[in-house]
Amino acid sequence: KGKRAFIAGVADDNGYGWAIAKSLAAAGAEILVGTWVPALNIFETSLRRGKFDESRVLPDGSLMEITKIYPLDAIYDKLEDVPEDVKSNKRYSGSSKWTVQECAESVKQDFGSIDILVHSLANGPEVSKPLLETSRNGSKKYIGRKSKFQGSKLSFTHVGGSSLSLTYIASERIIPGYGGGMSSAKAALESDTRVLAFEAGRKHRIRVNAISAGPLRSRAAKAIGFIDTMIEYSLANAPLQKELSADEVGNTAAFLASPLASAITGAVIYVDNGLNAMGVGV
Ligand code: NAI
C-alpha cells in the first residue's frame, strides 16, 4: 500500500511544498495538502482551471493528483485562539476548521492517520526588520508556531512514519536581511528537530528531519526581498555552479521519507549546491 503524506504550505506551484508533493507523488504517495486560508480560493480555482497542469506532470507522464486540500492557518492552535476580527474576516469566514488542531482532527476523521508529514510554511510578519528592531511579539509568534505545529501534528503520524521541515542556514550563520526573528525561529526549528526525533523516535519510531535548503525564488522568498542577490551569490560561490531547482529539494524529501533513509533521524540535511561548506566567497 502506498504511503499517505500531508504537506502543509502549498498555495502555488513555485515553492518547495509543491515540489515535495510532486516527488512524493512520483514515488507513489497519496497527497494531502494544507493551504493558508486566505490563499485557498485562488489555489483551488487555479488548480481546477488547469493553471498548474504543466507543473503537475510527473516523470511517468501522469498528472499529480491532490486527494484533498485542507484550509489551514498555522498561527492558531485551536479555535479559542482566533480573535473575533479574524473569525469574521471575509477571507476566513468562508472556510472552517482551519486551526492546527481542527485540521489535524479533520485529517484523522477522513483518513485515520498519515505516514509522512511535511512542514513547508513560511511567514515572518516582520521579516524585513533587523532583529534589533523586531518586536517580541513578532519573533515569539513565529518561533512558537513552527515548533508547536510539528509537535501537535506529529500525534497523528503513523508508527514508523516520518516528519520533515524546511530550514535555512540563517539559523547558524549571519545572513543580513533575514530578519524579523526568522533566523531565531529556524534555530529553534532545528533544535526541535533533534528533540522531537528523540521523543517521537522512542515513542512511535517516527523519524524527524529537516532540509536546510538553498535559495529558491518562491513567493515567500520574493517577499523577503533579497532572493535574486542570494541566487546570484550562490551561483558565484557554491561548489556546484548551477541554479538550485525545487525538485532537488523535493527528491531529497522523498528519499528522507522513504525506507532508504530508515536510520536517518534528528538530521539537518543541506540541499544547497554545497554553499554551506564554503568559508569565504570567491
Ligand atoms: P512558499 O511561499 O512557496 O511557501 C510558504 C507557504 O506557507 C505558502 O503556501 C503560504 O501560503 C504558507 N503560509 C504562510 N503563512 C501561513 C500560515 N499562517 N498558515 C498556513 N500556511 C501559511 O515559500 P517557500 O520558500 O517554498 O517556503 C517553504 C519553506 O522553505 C519555508 O519554511 C521556508 O523558510 C523554507 N526555505 C525557503 C528558502 C527559499 O529560498 N525559498 C530557502 C530555505 C528554506
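Quick check: from the Cα gyration tensor, does the range 28-80 come out rounded (a/c under 1.5), prolate or oblate?
Numbers: a/c = 3.70, a/b = 1.85, b/c = 2.00.
Verdict is oblate for the range 28-80.
Could you line up M182, M278, M230 from fewest to most neighbouring Cβ atoms inside 10 Å?
In order of increasing Cβ crowding within 10 Å: M278, M230, M182.
If one computes the Cα centroid of the range 46-88 and of the range 7-42, what distance in Å separates the two points?
7 Å
Limiting things to C-alpha atoms, what are the Rg and the maximum Cα-Cα separation (Dmax) for the range 168-282, in angstroms?
Cα only, the range 168-282: 15.1, 46 Å (Rg, Dmax).
Which far-off residues, 5 or more places away or on another chain, put their amide H under 5 Å from the one on K68, with H placed in the peptide plane?
The answer is V33.
What 222 nm value per residue comes from the helices of the chain, counting each DSSP H run with n ≥ 4 as -39,500 (n - 2.57) and dividing by all residues, nearest 500 deg cm²/dmol?
-12500 deg cm²/dmol
Mind putting together the pair-distance distribution for the range 155-225? All Cα pairs, 5 Å bins, whole percent per bin, short to long.
4, 15, 22, 21, 14, 11, 9, 4, 0
Going by amide H atoms built from the backbone, whose H comes under 5 Å of the H on R4, apart from near neighbours?
HN-HN under 5 Å from R4: E30, D115, I116.
Would you list F149, F111, F43 from fewest to most Cβ contacts within 10 Å?
Values: F149 25, F111 15, F43 20.
Ascending Cβ contact count within 10 Å gives the list F111, F43, F149.
What's the Kirkwood radius of the range 1-115 in Å, using all Cα pairs?
Details: mean 1/r = 0.0675 Å⁻¹.
Across the range 1-115, the inverse of the average 1/r is 14.8 Å.
Can you sort E172, E190 by how many other beta carbons sit within 10 Å, fewest first?
Least crowded to most crowded, the residues run E172, E190.
Based on Cα positions only, what radius of gyration and what Dmax would you give for the range 216-255, in angstroms?
For the range 216-255, the Cα-based Rg and Dmax read 11.3, 31 Å.
Can you work out the Karplus-derived ³J(HN,Hα) for every residue in the range 41-57? Use 6.51 cos²θ - 1.76 cosθ + 1.60 with θ = phi - 60°, whole Hz, and x for glycine or proline.
Those phi angles translate into 4, 5, 5, 5, 5, 4, 4, 5, 7, x, 5, 9, 4, 4, 8, 8, 5 Hz.
Mind listing the phi-derived Karplus ³J(HN,Hα) values for the range 225-232, rounded to whole Hz, using 6.51, -1.76 and 1.60 with θ = phi - 60°, and x for any glycine or proline?
x, 10, 5, 5, 4, 5, 5, 4
Across the Cα atoms of the chain, what radius of gyration and what greatest pairwise Cα-Cα distance (Dmax) are found, in Å?
18.1, 54
How many angstrom lie between the Cα centre of the range 265-281 and the Cα centre of the range 202-258?
10 Å
Which far-off residues, 5 or more places away or on another chain, put their amide H under 5 Å from the one on I269, with H placed in the peptide plane?
The list, which skips near neighbours in sequence, is A210, I211, S212.
Computed from the coordinates by the stated procedures, all read-outs in this text should not be read as laboratory data. As the structure is a prediction and not an experimental result, all values here were calculated from the model. For neighbour counting, all protein chains shown are included, and Cβ atoms are generated from backbone atoms with ideal geometry for every residue, glycine included.
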